[in-house]
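Asker: This structure is in structure tokens; I'll ask about it shortly.
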Amino acid sequence: MKDPAIQEATASEPLALEEEYENQQSWRTSHDKLTFIVCRAIDSSSGLDISNPGSKVTDQKSNPSSNIETNERVYAGQVDAPDRMVGDINLFLTPWEGDEDDENDFNGPSLDKAVVPLSPQSKRDPTARYCNGEVDIMIADRDHRGKGLGIAAVSTLLHFVRQHLKSILAEYSKAQGDQGGIGARSPYELKDMVAKINEANAGSIALFTKLGFRKRGKVNYFGEIEMVLEDFGVATSSGVVDENGGEANVLDYRELLFDRSRLPA
């Protein structure tokens, strides 16, 4: 994060090491944020592999409502060693503050292929409480830019949100003071996926455009434009998904256990 170009592209500032640790702790316990580290792929040249110890395990500890069962795992400190980290991707959940005019206030050309097509099934429910998901992606390592990691990471995050939308919204409800407990239906629904991008960041704008995001509104005070994937969560709940959209970039998607047993005590 000491690279001025990265700071400008991500609208961020360098932090002291202690501040970084505080941020990590805050994100780990927050109910309205998710963060993932983007690492180099595990392949034959990496010297690493995916362990398969035998019995299937449901990852209830890190995700109590998960229905993903796996006997595959990777080990902390190996797949995410410092020399394997290339960036991060984050999701912020915030209250939706739209109105009827927002629904049609889009600029730029229409896209033939979007992750979520507008349809009767994806119309807004006037009785629901909505939130937006803001996506933030950074590939910090210059050597790994322009190789498709950014679009792969965003596509994977969209797929992850689809798979775990119920539990993500349940966590968000806690942040808003709604105590429903595990398994309780969240009073919130996810509406739009949003990316705020520096207007000069042509690479990121092109990335999100390929995934069906469209520009909405004008450049804000901070020099950012807003790219929106409208009704993403509503369509997910309704089962409306365009198979030719952004998730077509997700190949061989798997969720693995993150085993910390080999970390130093």
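Asker: Here are the criteria: (1) farther than 30 Å from SER173 by Cα; (2) modelled with pLDDT under 90. Tell me which single one THR35 does not satisfy.
Answerer: Tallying (1) farther than 30 Å from SER173 by Cα; (2) modelled with pLDDT under 90, THR35 fails exactly one: (1).
Asker: Hey, does segment 86-102 have a residue that's exposed (fewer than 12 other Cβ atoms within 10 Å of the Cβ), touching a Lys or Arg at 6+ places or on another chain (Cβ under 7 Å) and modelled with pLDDT under 70?
Answerer: No, that holds for no residue.
Asker: Give segment 154-177 a look and list any residue that's crowded, with 17+ Cβ neighbours inside 10 Å and outside any helix (DSSP H, G or I), or say none.
Answerer: Within segment 154-177, just HIS164 meets the criteria.
The values are calculated or read from the model by the stated rules, or taken from the named source; none is laboratory data. Quantities reported herein were computed from a predicted structural model and do not represent experimental measurements. Note: ideal-geometry Cβ built from the backbone for every residue, glycine included; neighbour counts use all protein chains shown.
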